[in-house]
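Presented below is the structure to which this report refers.
The values are calculated or read from the model by the stated rules, or taken from the named source; none is laboratory data. All values derive from a computational prediction rather than experimental measurement. Cβ sites come from the backbone with ideal geometry, for glycine too, and all protein chains shown count toward neighbours.
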Amino acid sequence: MITAQHLTKRYGDHTAVEDVSFACAPGTVTGFLGPNGAGKSTTMRMICGLTPPTTGRATVAGVAYGRLPNPGREIGVLLDASAQHAGRTGREALALTAAVLGVERSRVDAMLKLVDLDPKKARRRVGDYSLGMRQRLGIAQALIGDPRVLMLDEPANGLDPEGIFWMRGLLRDFADRGGTVLLSSHLLREIEAVADRLVVIAGGRIVADGSKEELLARTGTLVRAESTTALRRALAVAGLPSQPASGGGALVDADAAAVGRAAAAAGVALVELRTADGAGLEELFLALTTGSATPTEPTDQHDRREATVA
């Protein structure tokens, strides 16, 4: 289980993350979503001890990451697939991880097979790997300690459609066997396909936290017009609250009849008008995050320096 309690991270006058609290329970995949710079990576780095929080705390299985006797046996972490020694082979990198964690050497072969890095690929140097191959190696490293918890930041980057499908099944199986998964990704359809719960962050603050079904069961009206500008103006004149939706449309907090009357009064030609129930994760994401202040997250190098000093 992962628990974040009132996590805040400030860099001088800049607040990257503010009062972030959520929990990831065993047996679930939690999708952690937000625009670039919203605070996702900073939050995940605080959970695994790479960035010390200004205030608040985070625990893994009830214990702060830094107090875990052998963290890799409790939580498998993949924050940056490119942060691997380019001169080592894939097998060497994985064997070193196994030695550090104190697991049997047989786990190396088992994990290479699991992530589809055959012996020929395993003998190649990591510097010659494609991004997708580095992602697979990173997932193998996260899993080699047989942890109960996984925390993955953008693990699907560089994977082809077959690889994304494979990863979805792997994470679903891990959770179904009682594991806890915290997954950050920009691939909203993949999050929607695999996640049980959603945590959405914008401007360094949590703006939504709940089960996928609860958050996607939105009411209101989804509307699109030939002119997006004219549509937004018509809705504003009618006093109908709205948020941008995918495809240049709007998600309106009103019934379809009211939206249709507003468009007709303004002479706006509509191309779509329907109830927004279950409109999808993309519409939810845009409605929750558009217009939010999204401070730029500090660089990893900055975080590493601070963590080292601390």
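Exactly one residue out of 42, 55, 28, 51 is hydroxyl-bearing (Ser, Thr, Tyr) and over 22 Å from the mean Cα position of the chain (by Cα): that is 55.
Conditions tested, residue by residue: (1) assigned to a loop (DSSP other than H, G, I, E, B); (2) modelled with pLDDT under 90; (3) assigned by TED's automatic domain parsing to the domain that holds residue 43.
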{"position": "164", "(1), (2), (3)": "no, no, yes"}
{"position": "199", "(1), (2), (3)": "no, no, yes"}
{"position": "208", "(1), (2), (3)": "no, yes, yes"}
{"position": "234", "(1), (2), (3)": "no, no, no"}
{"position": "237", "(1), (2), (3)": "no, no, no"}
{"position": "264", "(1), (2), (3)": "no, no, no"}
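Considering the range 166-195, and only residues there that are buried (at least 22 other Cβ atoms within 10 Å of the Cβ) and not aliphatic (A, V, I, L, M), the residue that is modelled with the lowest pLDDT turns out to be 185. Just to be sure I understand, how many residues within the range 1-45 are among the aliphatic types (A, V, I, L, M), part of a strand (DSSP E or B) and in contact (Cβ under 8 Å) with a residue 24 or more places away in the chain? Residues that pass the stated criteria total 8. Counting only residues that are touching a strand residue (DSSP E or B) at 6+ places or on another chain (Cβ under 9 Å) and within 13 Å of residue 140 (Cβ to Cβ), the range 49-76 holds 1 of them.
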